[in-house]
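Notes to accompany the following structure.
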């Protein structure tokens, strides 16, 4: 097995998404489901066929072979099932940083929106208060989801 730089492997958003999706699905998923989820991440639920094809081709030609060579996944070409292998500690530390970074960013948004809400109330600005309230609720829910998943 070749030795790969974890940062080089994890520098691509589709490879990170593939790991994340496999982790969500208990380590195994059909290629079709992975393609659908990545396309949805990139363009939302109304993604087009062109994006689906782009994701599929890039996974088959580039990302899956590279991640197999790095020992992160296995792809059964017959059943088209991708399995997540044990993630080496060199990779885990970067994945954990990424996940903590998402929580930290959401906490910052939450803090700023609460400050905006306070200022909106203090200055009796209804629009600012309303917008800040919705940002507070949205970022609070995002933090809750990240911490409970």
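What follows is calculated from the coordinates using simple rules that are stated; it is not laboratory data. Bear in mind that the values here come from a model prediction, so they are computed numbers and not experimental data. Backbone-built Cβ (ideal geometry, glycine too); neighbour counts: all protein chains shown.
From the Cα trace of the stretch 6-86, what convex hull volume per residue do you get, rounded to a whole Å³?
86 Å³
What ranking of 7, 95 emerges when the number of other C-beta atoms within 10 Å of each C-beta is taken as an exposure proxy, fewest first?
Going from least to most buried by this count: 7, 95.
Tell me, 75, 63 in order of fewest to most beta-carbon neighbours within 10 Å?
75, 63
Tell me whether the chain comes out rounded, prolate or oblate; compute the Cα gyration tensor, take square roots of the eigenvalues as a ≥ b ≥ c, and use a/c under 1.5 as the rounded threshold.
Prolate, since a/c reaches 1.5 and a/b exceeds b/c.
Between the stretch 54-95 and the stretch 120-139, what is the separation of their alpha carbon centroids in Å?
Taking the Cα centre of each part, the stretch 54-95 and the stretch 120-139 sit 44 Å apart.
Largest first, please: the extent of the C-alpha atoms of the stretch 15-57 along each principal axis, to the nearest Å.
28, 18, 14
Mind giving me the FRET efficiency for residue 5 and residue 107? R0 is 35 Å, r the Cβ-Cβ distance, nearest 0.05 is fine.
Working: r = 30 Å, r/R0 = 0.86.
The value I calculate is 0.70.
Could you check the simple spin-label distance between residue 137 and residue 57, using points 7 Å along Cα→Cβ, in nm with one decimal?
Result: 4.3 nm between the two label points.
Work out, step by step, the length gained on full extension between residue 74 and residue 89: first 0.36 nm times the residue separation, then minus their alpha carbon distance; give nm to one decimal.
Answer, rounded to one decimal: 3.6 nm.
Which order results if 53, 66 are arranged by neighbouring Cβ count within 10 Å, fewest first?
Ascending number of Cβ neighbours within 10 Å: 53, 66.
If I take every Cα pair under 8 Å that is 6 or more residues apart in the chain, average their sequence separation and divide by the length, what percent do I get for the relative contact order?
That works out to 21 percent.
Could you calculate the contour length gain from residue 26 to residue 42, that is, 0.36 nm times the residue separation minus the distance between their Cα atoms, to one decimal place in nm?
So the chain would gain 3.6 nm between residue 26 and residue 42.
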